[in-house]
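Remarks on the structure that follows.
The values are calculated or read from the model by the stated rules, or taken from the named source; none is laboratory data. Since the structure is predicted, the reported quantities are computational estimates derived from the model, not experimental observations. Note that we place each Cβ from the backbone using ideal geometry, even for glycine, and neighbour counts take in every protein chain shown. When the accessible area is computed, the model is the full protein with side chains, heavy atoms only, and any ligands, DNA or RNA have been set aside. Shrake-Rupley method; radii C 1.70, N 1.55, O 1.52, S 1.80 Å.
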Amino acid sequence: VAQPADDSQYGYLSEHHPFGETDERAGEYEEDLAATMLATTLGVQFDPDTAWDEREKMFKMSGKIVRTFNITQSAEGDKNGLWTTVIASAVLFP
């Protein structure tokens, strides 16, 4: 999730469906994705090749993005090839 400082603007919620990644790595990617999408729409100048930690600081120091975070859950699939399903939901309110 990436939330703008201006309450009259929309933030971003991203999702990511990796295979073989840790919760931490997948969560950082999701957070980076949401923040980058929001920064792009807000006109925040940044170098996309910069590491996420540096961009996160830059985004927040711009004063246009107030908060980013991720909630990540993973599942380990069945060893016999049966389907594994994960259901996620998000509730957004003003």
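Observations on the model:
- Positions within the range 67-89 being within 18 Å of residue 4 (Cα to Cα) and open to solvent by less than 90 Å² (accessible area, probe 1.4 Å), in sequence order: 68, 69, 70
- Among the conditions (1) surrounded by 15 or more Cβ atoms within 10 Å (Cβ to Cβ); (2) touching a residue at least 60 places away in the same chain (Cβ under 8 Å), the only one that residue 55 does not satisfy is (2).
- Failed item in (1) of a type outside the set (D, E, K, R); (2) open to solvent by less than 80 Å² (accessible area, probe 1.4 Å); (3) modelled with pLDDT under 90; (4) closer than 30 Å to residue 87 by Cβ, with residue 46 passing the rest: (4)
- Count of residues meeting criterion [free of Cβ contacts under 8 Å to residues at least 40 places away in the same chain and assigned to a helix (DSSP H, G or I)] in the range 10-36: 8
- Hits in the range 12-43 (condition: under 17 Å from residue 88 (Cβ atoms), open to solvent by less than 40 Å² (accessible area, probe 1.4 Å) and either of a type outside the set (D, E, K, R) or out of contact with any strand residue (DSSP E or B) (no Cβ under 8 Å at 6 or more places or on another chain) (or both)): 14, 26, 27, 30, 34
- Any hit, the range 41-50, residues being touching a helix residue (DSSP H, G or I) at 6+ places or on another chain (Cβ under 6 Å), closer than 12 Å to residue 3 by Cα and part of a helix (DSSP H, G or I): no
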